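Below is one structure, written out as structure tokens; the observations come after it.
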Amino acid sequence: MTTGLLEVGSLAQARDLLAADPDATRIIGGGTGLMLMLKAGLLSVPTLVSLRKVTDPALREIEVRGDRLVLGGLCTLSDVLDHPVVRRELPALVAALRRLSSVRTRNVATVAGCLVHGDPHMDLPPLLLTLEAEVVVLGLHGERRITCAEFFVGYYEVALAPEDIVIGLEIPLLRAGTFATYRKFTGALAEDWAVVGVALCLPQEAGRITRPAVAVCAVESAARRLPEVERALDGVTAADVDPDGIGELAASAVEPADDHLGSAWYKRRVLSAEVARGLRAWAREAQHGGK
Ligand SMILES: Cc1cc2nc3c(=O)[nH]c(=O)nc-3n(C[C@H](O)[C@H](O)[C@H](O)COP(=O)(O)OP(=O)(O)OC[C@H]3O[C@@H](n4cnc5c(N)ncnc54)[C@H](O)[C@@H]3O)c2cc1C
């Protein structure tokens, strides 16, 4: 089947095209994931709809609005990584993006495509889950927000209706003193796909972790948070944290599947070690200001 490309001038036009024939129409962002799937015959779509010519400034904005960092859906990952506001407000996102594939991919891959692609190995979902980010979607009945916890549903599956368009992402700013990190363990090069990825977001009050968030990717069919681990960390201080014990708890809280990057057994071992390393880094920072 041949695939055609339509460049629309407005979001409403794109949404109407998707609604008219959802099975035959798909939005294309940077095309980094979609084109590989089309070429491999995993997907067959007669019409790709590009938003490149839509001039709505909200699609390309990067700014702090109120207590949130707002990223337009058409921003490339490089736009986000290089932006001074993101560097100032969310260094953990910048660090995660630096290890996401190559400059070539990041220069074209979009925020929206990165959210919708749904590969369980992707780096941003665990971090966004711990930051309690929301995906901004334009659908048949207007704009709505979907929490990342609801959005990442399964293997290459996200909670979108066929006519939905992702137009942005909103990330709550971190409270002062919050430790946030994404740890990516790869087999060879730093920017390879993750064997296991772990995000930790550890707000603190009076030296105790308060309402922690921990999430993983590349382990199960979709990234998800680990409530058992979060409960165990709630109220813990840097002096009494047990990184190895919490690491083991994380390993026992998941049901990994073997994949081309590692066996289920290996993923459990890596997850345990990475959670422990993340907690040691937090404890160091909490006790000695990171020195
Ligand atoms: C060589 C290579 C290495 C990679 N390594 C990594 C890695 O280490 N870590 C990692 O996290 N990722 C990695 N990726 C995946 C990469 O992050 C994704 O391919 C990319 O983020 C997808 O963004 P895109 O804009 O190119 O989306 P596209 O490929 O254009 O689209 C992806 C999906 O999103 C949908 N879509 C796009 N825009 C919208 C929209 N506005 N509304 C609704 N649906 C939309 C498309 O229909 C499609 O289903 C790698 C990719 C490549 C090619």
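Looking at GLY154, GLY113, just one residue is more than 9 Å from the chain's Cα centre (by Cα), within 13 Å of the ligand (Cβ to nearest atom) and not β-branched (Val, Ile, Thr), and that residue is GLY113. For the stretch 16-34, does any single residue satisfy the condition of being part of a strand (DSSP E or B) and over 23 Å from GLU134 (Cα atoms)? Within the stretch 16-34 (the criterion being part of a strand (DSSP E or B) and over 23 Å from GLU134 (Cα atoms)), the answer is yes, since at least one residue qualifies.
Yes or no, residue by residue, for (1) in contact (Cβ under 8 Å) with a residue 24 or more places away in the chain; (2) away from the ligand (no atom under 14 Å from the Cβ); (3) touching a Gly at 6+ places or on another chain (Cβ under 8 Å); (4) under 28 Å from GLY66 (Cα atoms):
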{"residue": "ALA133", "(1), (2), (3), (4)": "yes, yes, no, yes"}
{"residue": "ARG144", "(1), (2), (3), (4)": "no, no, no, yes"}
{"residue": "GLY168", "(1), (2), (3), (4)": "yes, no, yes, yes"}
{"residue": "PRO172", "(1), (2), (3), (4)": "yes, yes, no, yes"}
{"residue": "PHE185", "(1), (2), (3), (4)": "yes, no, yes, no"}
{"residue": "ALA190", "(1), (2), (3), (4)": "yes, no, no, no"}
{"residue": "TRP193", "(1), (2), (3), (4)": "yes, no, no, no"}
{"residue": "GLU230", "(1), (2), (3), (4)": "no, yes, no, yes"}
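Looking only at the stretch 195-206, residues that are part of a loop (DSSP other than H, G, I, E, B) and open to solvent by less than 40 Å² (accessible area, probe 1.4 Å) come to 2 in all. Can you tell me which residues in the stretch 44-83 are open to solvent by 40 Å² or more (accessible area, probe 1.4 Å) and among the aliphatic types (A, V, I, L, M)? Across the stretch 44-83, the qualifying residues are ALA58, VAL64. Among the residues in the stretch 214-225, are any farther than 24 Å from LEU43 by Cβ, away from the ligand (no atom under 16 Å from the Cβ) and either surrounded by 16 or more Cβ atoms within 10 Å (Cβ to Cβ) or in the same structural domain as ALA253 (by TED's automatic domain parsing) (or both)? Yes; the residues of the stretch 214-225 include at least one that is farther than 24 Å from LEU43 by Cβ, away from the ligand (no atom under 16 Å from the Cβ) and either surrounded by 16 or more Cβ atoms within 10 Å (Cβ to Cβ) or in the same structural domain as ALA253 (by TED's automatic domain parsing) (or both). Is it the case that LEU34 is under 25 Å from the mean Cα position of the chain (by Cα), at pLDDT below 95, not assigned by TED's automatic domain parsing to the domain that holds GLY139 and not small (Gly, Ala, Ser)? Spelling it out, it is not the case that LEU34 is under 25 Å from the mean Cα position of the chain (by Cα), at pLDDT below 95, not assigned by TED's automatic domain parsing to the domain that holds GLY139 and not small (Gly, Ala, Ser). Just one residue in the set VAL108, VAL166, VAL103, VAL137 is more than 30 Å from ARG268 (Cβ to Cβ), open to solvent by 20 Å² or more (accessible area, probe 1.4 Å) and touching a strand residue (DSSP E or B) at 6+ places or on another chain (Cβ under 8 Å); that residue is VAL108. Comparison of VAL108, VAL94 shows that the only residue that is closer than 19 Å to GLY168 by Cα and within 10 Å of the ligand (Cβ to nearest atom) is VAL108.
The values are calculated or read from the model by the stated rules, or taken from the named source; none is laboratory data. All values reported here derive from a predicted model rather than from experimental measurement. All Cβ positions, even for glycine, are placed from backbone atoms using ideal geometry, and neighbour counts span all protein chains on display. The accessibility values were calculated without ligands, DNA or RNA, using every heavy atom of the protein model including side chains. Shrake-Rupley method; radii C 1.70, N 1.55, O 1.52, S 1.80 Å.
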